[in-house]
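K.L.:
Below: one structure in structure tokens.
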């Protein structure tokens with residue numbers, strides 16, 4: 001190494017100002033004492049070559065020393081006053097600023113001969129410093145209030161073009177960075193101004209909040225997609241269930257129905273495909289929305305990574321690009337329980353009843369020899385009861401001679417109609433007898449209404465057919481030509497339920513209800529239960545069952561002979577429904593009307609007896 005005769009240059013190791021300092025190619029100064037062991041020099045200090053030693057500070061090659069210029073020695077003497085062995089260990093750095101690329105670093109503004117890369121930029125001095133010249137800012141008290149940040153190549157970007165001061169504030173009204181004089185003397189008087197550090201924190205917080213919203217929205221859409229995929233599985237299961245139901249119905253049909261079977265199966269599959277298409281379309285839509293959210297999220301992450309105090313105005317706010325909040329998925333829109341499939345099941349029911357009656361129910365072709373069998377002269381649509389099972393289509397059927405019977409199988413909840421018992425408890429599960437017993441009402445027969453051939457027990461709980469007419473008064477309320485009897489209790493409001501034991505009634509009985517104003521005299525339809533507008537009933541004659549009102553009938557097919565019949569009345573809702581109670585609770589039929597008079601329980605016999613249970 002060469003000794004320098006220049007003075008005023010501090011040693012980078014001992015910090016003593018040496019008059020004989022030398023500088024290596026790495027621009028570090030050393031006194032002659034500290035250079036021992038670093039390089040090999042000759043005593044003359046000129047023309048000798050160095051060995052393979054390296055600089056102890058930066059590990060650079062120490063083979064090409066040079067003398068330190070006098071003016072550089074003065075500058076380095078000032079820097080040595082704040083010498084710190086922890087370069088970069090400063091509490092003045094702006095938080096969150098990304099480290100710039102080494103290839104794009106600006107030069108130190110205080111290096112006079114060989115410009116070193118800047119290590120920091122002072123926003124107060126508006127100058128850049130290398131690691132050597134920045135040390136006074138790190139150690140000297142006069143510089144501790146200065147704001148150091150990562151090196152900035154273009155200092156004009158952080159200098160106010162109007163006042164030449166550092167851009168230390170941010171105007172929220174105009175969305176630009178300003179200096180300390182702008183709110184006082186410039187164009188930003190009376191504007192909302194905060195420090196750039198505060199604006200940086202606020203923007204970061206805003207972006208973090210929006211990122212959280214995006215994550216939550218994306219998560220909810222992912223949940224919706226998962227639900228849709230579960231619905232797809234449920235659709236397949238439901239479709240298999242419909243296939244099973246259809247196969248059971250087709251077991252009793254002849255070979256001529258095979259073509260119809262294939263058509264209905266295709267209809268179910270078509271409904272499945274249509275529903276699946278809706279599900280796939282919804283999944284595609286949600287997936288596309290999630291892709292847009294992911295793209296927006298990546299843009300926001302990039303903005304968050306590049307944001308700093310001098311580019312706040314150029315960072316996008318993203319408020320206009322935010323998606324709406326995700327809504328809960330309406331699962332019911334994708335259910336396979338459609339009206340079309342229910343109509344297919346109804347059609348199969350009717351086909352089975354039409355084609356298989358003589359196979360499953362050969363006795364249906366027999367008729368009771370009585371000439372009193374009701375005849376329907378016209379056909380009209382009458383509302384029927386809702387399905388007791390999970391399917392609840394709105395169903396109607398034609399009445400009269402050509403009406404096909406509605407099949408009711410004991411042990412399988414299957415009923416007709418489009419109205420349910422309106423009580424909340426009863427509507428939830430009509431097959432549960434306990435739900436009806438909460439409306440139980442004790443009723444007793446009114447002997448003064450009984451036909452002379454009917455005998456009413458002293459407790460008014462049972463009526464039976466007699467072979468002879470009893471001598472009794474000709475009370476105005478007594479039925480004269482039809483063996484009928486009303487109960488003493490009438491209902492003009494509320495919900496009521498009663499049961500009738502029909503095991504002793506033989507093969508001909510009527511259970512129903514009637515207005516108290518129904519005619520009692522004569523032998524025409526005005527006096528007969530179910531043959532006029534003032535009465536409703538469930539009728540059994542031989543092995544056939546019907547529901548009657550206003551001389552219109554709805555045929556029913558009941559596989560097992562009922563032992564007890566339950567009747568439910570909701571006066572306000574206009575509901576009168578009939579149920580098989582034993583061996584299990586099964587809904588049969590419901591009438592929907594508007595009651596305008598007091599409703600009385602009513603009974604009619606062909607033979608045997610009916611009994612009102614003492615206890616339920």
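The values are calculated or read from the model by the stated rules, or taken from the named source; none is laboratory data. These numbers come from a predicted model, not from an experiment. Here the Cβ positions follow ideal geometry from the backbone for every residue, glycine too, while neighbour counts run over all protein chains shown.
K.L.:
Just wondering, is there one or more residues in the range 159-174 that are at pLDDT below 85, over 49 Å from the mean Cα position of the chain (by Cα) and assigned to a helix (DSSP H, G or I)?
P.N.:
No, the conditions are met nowhere in the range 159-174.
K.L.:
State yes or no: is residue 237 buried (at least 18 other Cβ atoms within 10 Å of the Cβ) and either out of contact with any helix residue (DSSP H, G or I) (no Cβ under 6 Å at 6 or more places or on another chain) or in the same structural domain as residue 314 (by TED's automatic domain parsing) (or both)?
P.N.:
No.
K.L.:
A follow-up question, please. Tally time: how many residues in the range 179-201 are within 17 Å of residue 122 (Cα to Cα) and either out of contact with any helix residue (DSSP H, G or I) (no Cβ under 9 Å at 6 or more places or on another chain) or in a loop (DSSP other than H, G, I, E, B) (or both)? Break it down into steps so the answer makes sense when it comes.
P.N.:
Within the range 179-201, the first condition is being within 17 Å of residue 122 (Cα to Cα), and the residues that meet it are 179-180, 195-197.
If we keep only those that are either out of contact with any helix residue (DSSP H, G or I) (no Cβ under 9 Å at 6 or more places or on another chain) or in a loop (DSSP other than H, G, I, E, B) (or both) too, we end up with 179-180, 195, 197.
Of the residues in the range 179-201, 4 are within 17 Å of residue 122 (Cα to Cα) and either out of contact with any helix residue (DSSP H, G or I) (no Cβ under 9 Å at 6 or more places or on another chain) or in a loop (DSSP other than H, G, I, E, B) (or both).
K.L.:
Kindly indicate the residue of the range 469-519 that is over 51 Å from the mean Cα position of the chain (by Cα) and closer than 15 Å to residue 441 by Cβ and also surrounded by the fewest Cβ atoms within 10 Å (Cβ to Cβ) among those meeting that condition.
P.N.:
Out of the qualifying residues, it is 488.
K.L.:
Turning to a different aspect of this structure: Specify the residue that is surrounded by the fewest Cβ atoms within 10 Å (Cβ to Cβ); the eligible residues are those in the range 311-333 that are assigned to a helix (DSSP H, G or I) and modelled with pLDDT of 65 or more.
P.N.:
Among those that are assigned to a helix (DSSP H, G or I) and modelled with pLDDT of 65 or more, it is 314.
K.L.:
Follow-up. Return yes when residue 573 is in contact (Cβ under 8 Å) with a residue 12 or more places away in the chain, assigned by TED's automatic domain parsing to the domain that holds residue 511, within 13 Å of residue 503 (Cα to Cα) and not in a strand (DSSP E or B) and no when it is not. Steps first, please.
P.N.:
On the way: in contact (Cβ under 8 Å) with a residue 12 or more places away in the chain: yes; assigned by TED's automatic domain parsing to the domain that holds residue 511: yes; within 13 Å of residue 503 (Cα to Cα): no; not in a strand (DSSP E or B): yes.
Criteria not met by residue 573.
K.L.:
Hey, among 304, 257, which residue is at pLDDT below 80, in a helix (DSSP H, G or I) and touching a helix residue (DSSP H, G or I) at 6+ places or on another chain (Cβ under 9 Å)? Give the steps one after another, and end with the answer.
P.N.:
Numbers: 304 fails: at pLDDT below 80.
One residue alone meets the criteria, 257.
K.L.:
Return yes when residue 223 is in the same structural domain as residue 294 (by TED's automatic domain parsing) and not in a loop (DSSP other than H, G, I, E, B) and no when it is not.
P.N.:
Yes: the conditions hold for residue 223.
For (1) farther than 26 Å from residue 324 by Cβ; (2) in contact (Cβ under 8 Å) with a residue 40 or more places away in the chain, each residue gets a yes or a no:
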site: 193; (1), (2): yes, no
site: 203; (1), (2): no, yes
site: 242; (1), (2): yes, yes
site: 278; (1), (2): no, yes
site: 294; (1), (2): no, yes
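K.L.:
In the range 548-566, how many are outside any strand (DSSP E or B) and within 23 Å of residue 349 (Cβ to Cβ)?
P.N.:
4
K.L.:
Moving to a separate point now. Which of the following residues is farther than 29 Å from residue 202 by Cβ, outside the structural domain of residue 314 (by TED's automatic domain parsing) and in contact (Cβ under 8 Å) with a residue 24 or more places away in the chain: 116, 126?
P.N.:
On the way: 126 fails: farther than 29 Å from residue 202 by Cβ.
116 is the lone residue from the list that is farther than 29 Å from residue 202 by Cβ, outside the structural domain of residue 314 (by TED's automatic domain parsing) and in contact (Cβ under 8 Å) with a residue 24 or more places away in the chain.
K.L.:
Among the residues of the range 135-177, which ones are in contact with a helix residue (DSSP H, G or I) (Cβ under 9 Å, 6 or more places away or on another chain) and without any contact (Cβ under 8 Å) to a residue 40 or more places away in the chain?
P.N.:
142, 160, 162, 163, 165, 169, 171, 172, 174
K.L.:
Only residues that are over 22 Å from residue 180 (Cβ atoms) and in contact with a helix residue (DSSP H, G or I) (Cβ under 6 Å, 6 or more places away or on another chain): list them for the range 114-134, please.
P.N.:
Residues satisfying the conditions are 132, 133.
Conditions tested, residue by residue: (1) surrounded by 13 or more Cβ atoms within 10 Å (Cβ to Cβ); (2) under 30 Å from residue 292 (Cβ atoms).
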| site | (1), (2) |
| --- | --- |
| 141 | no, no |
| 166 | yes, no |
| 191 | yes, no |
| 199 | yes, yes |
| 205 | no, yes |
| 210 | yes, yes |
| 226 | no, yes |
| 233 | no, yes |
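K.L.:
Just the residues that are surrounded by 22 or more Cβ atoms within 10 Å (Cβ to Cβ) and either modelled with pLDDT under 90 or closer than 16 Å to residue 439 by Cβ (or both), please, taken from the range 571-598. Show your work before the answer.
P.N.:
Let us first name the residues in the range 571-598 that are surrounded by 22 or more Cβ atoms within 10 Å (Cβ to Cβ), namely 575-580, 586-591.
Within the range 571-598, 575, 576, 577, 578, 579, 586, 587, 590 meet the criteria.
One line per residue, one yes/no per condition, for (1) in the same structural domain as residue 508 (by TED's automatic domain parsing); (2) modelled with pLDDT under 90; (3) surrounded by fewer than 23 Cβ atoms within 10 Å (Cβ to Cβ):
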{"site": "525", "(1), (2), (3)": "yes, yes, yes"}
{"site": "528", "(1), (2), (3)": "yes, no, no"}
{"site": "539", "(1), (2), (3)": "yes, no, yes"}
{"site": "551", "(1), (2), (3)": "yes, no, yes"}
{"site": "560", "(1), (2), (3)": "yes, yes, yes"}
{"site": "567", "(1), (2), (3)": "yes, no, no"}
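K.L.:
Separate question: Consider the range 433-468. How many of its residues are out of contact with any helix residue (DSSP H, G or I) (no Cβ under 8 Å at 6 or more places or on another chain), farther than 23 Å from residue 508 by Cβ, surrounded by 15 or more Cβ atoms within 10 Å (Cβ to Cβ) and modelled with pLDDT under 90?
P.N.:
Qualifying residue count, the range 433-468: 1.
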